[in-house]
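In what follows, a single structure is set out as structure tokens and then discussed.
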Ligand SMILES: *Cc1c(COP(=O)(O)O)cnc(C)c1O
């Protein structure tokens, strides 16, 4: 082979050996580089569905050093391994494989890069006082992921099988679950189309993967109530849209309005966007959380209120569902899922009927609200009448405590599942 031929073929290794670089004593590159784990971009399989009993495990040869829990930054550290399952049309699912954490080599024509054929989940693994690892309602996440996958015209899969593969993955990564209350191992199951095509069509292949990242509490220095910017120009979700699915395409466009909300000219800056919807300015969600109000309603009843899941503009949060269940079980006040509007919220605020307002989601569990900015006016939201300096109201706090005590296995509850030692 001629030298130009080699360059044309971009065959650097052959070129290097032709030039003698791989000769003994001159192989600096080879000496310092650990051998990379070469994994195929897509593994063609023949299984008709996800089959966890055939799971393959390739253990990392380079385990990472774990940092102190206090130094953790959200989404910056990953564990040693990842779970991967591929699907190819007319061929099937690959066996699930737990392999060293690695990058993907993506063809530039990959449909996901162009048309956002991707969806995801977020859930956490918690360490209890017996050193067991627990997941909180993981079946709900797998269920929601399946719904999102189908919305993207990607094929369905056996939910129990994916859950089992995930459990085995968490079992392998159990040493990564921090041993501290408020800390956890964040799991990010993701599904995306892998076909290299510029055609806007149903992809002929997809990848399911799960990565994990140890995380600290959302509020490092204790819960801080947030200021919201009620947003009626930009819209997060709409009837007939995809706001009720966790699709990647729902989130990218929210970053600009979120950035604009931080503008110091808006009362020194707002923390989060309160998403309003439609001509009635319906109160929907906050940032990437569901929103709850606890108030005295027009009939003078104490009521916990949140938007309903009926029109597709609300993400069916698992924390949201848990809060509704817990509050109904308490039976101390009315619990209502119905459309509520900015007008109702502001009227209640003027009439001093608002008791507490908070967001809910896996990351923070609850996020208390202290102020809402709407049409250049700042409205204060009470939290605790007996302690004006409190960051969180008593109902918000009780819900947080109840959910955390289930997540960390301090109370027995069917929502908390111990991860088996396989
Ligand atoms: C993920 C998410 C939530 C919260 O869902 P959880 O299951 O409680 O974590 C709420 N709203 C939006 C828009 C979300 O993406």
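By the equivalent-ellipsoid construction on the alpha carbon gyration tensor, the stretch 52-215 comes out with semi-axes of 28, 17, 15 Å, ordered largest to smallest.
Per q in 0.13 Å⁻¹, report the Debye log10 I(q)/I(0) for the chain, using one uniform scatterer on each alpha carbon and no solvent. Taken in order of the listed q values, log10 I(q)/I(0) reads -1.20. Seen from every direction in turn and averaged, the convex hull around the alpha carbons of the stretch 169-281 projects onto 11.4 nm².
Give me the compactness ratio for the stretch 248-305, meaning the Cα radius of gyration over 2.2 N^0.38 Å. Present the calculation step by step, with values, prior to reporting the outcome.
Numbers: Rg = 14.4 Å, N = 58, 2.2 N^0.38 = 10.3 Å.
This ratio for the stretch 248-305 stands at 1.40.
Would you work out the relative contact order for the stretch 226-407, in percent, from Cα pairs under 8 angstrom that are 6 or more residues apart?
On the way: 345 pairs, mean separation 41.2, N = 182.
In percent, rounded to a whole number, it is 23.
The length gained on full extension between residue 351 and residue 239, counted as 0.36 nm times the residue separation minus their Cα-Cα distance, comes to 37.2 nm. Remark: relative contact order (the chain) = 16 percent; criterion is Cα-Cα distance under 8 angstrom and separation of 6 or more residues.
Sorted by mean Cβ packing within 10 Å, highest first, what order do the peptides 231-239, 308-316 take?
Numbers: 231-239: 16.3, 308-316: 18.0.
Highest-to-lowest ranking by the protection proxy: 308-316, 231-239.
For the stretch 316-422, the average shadow cast by the Cα convex hull is 9.1 nm², which is a quarter of the hull's surface.
Descending by average beta-carbon neighbour count within 10 Å, the peptides 196-202, 86-92 line up as 86-92, 196-202, the highest first.
With just the Cα atoms defining each centre, how far is the stretch 68-82 from the stretch 122-169? Give it in Å. What the calculation gives is 20 Å, centre to centre. Report the percentage of all Cα-Cα pairs in the stretch 226-407 whose separation exceeds 25 Å, rounded to a whole percent. That fraction is 29 percent.
Sequence gap at least 6, Cα distance under 8 Å: using those rules, report the relative contact order of the stretch 89-234 to the nearest whole percent. It would help to have the intermediate numbers written out before the result.
Details: 195 pairs, mean separation 41.6, N = 146.
Relative contact order, the stretch 89-234: 28 percent.
When the helices of the chain are scored as -39500 (n - 2.57) per DSSP H run of n ≥ 4 and the total is divided over every residue, the value at 222 nm lands at -6500 deg cm²/dmol. Distance from the Cα centre of the stretch 349-412 to that of the stretch 288-326, in angstrom? A separation of 13 Å, based on Cα centres.
Among 353-364, 118-129, 374-385, what's the highest-first ranking by average C-beta atoms within 10 angstrom per residue? It would help to have the intermediate numbers written out before the result.
Details: 353-364: 23.9, 118-129: 20.7, 374-385: 14.8.
Packing proxy ranking, top to bottom: 353-364, 118-129, 374-385.
If one takes the longest principal axis of the Cα atoms in the chain, at what angle in degrees, from 0 to 90 and to the nearest 10, does the Cα axis of helix 138-151 lie? That works out to roughly 70 degrees. Normalised by 2.2 N^0.38 Å, where N is the number of residues, the alpha-carbon radius of gyration of the stretch 37-91 equals 1.56. Solvent-free Debye calculation, one equal scatterer per alpha-carbon of the stretch 148-202: log10 I(q)/I(0) at 0.22, 0.26, 0.32 Å⁻¹ equals -0.94, -1.09, -1.30.
Any read-out appearing in this document is the output of simple, stated calculations on the displayed coordinates, not a laboratory observation. Just so it is clear, the structure is predicted and the values come from calculations on it, not from any experiment. Positions of Cβ are backbone-derived with ideal geometry, glycine not excepted, and every protein chain shown enters the neighbour counts.
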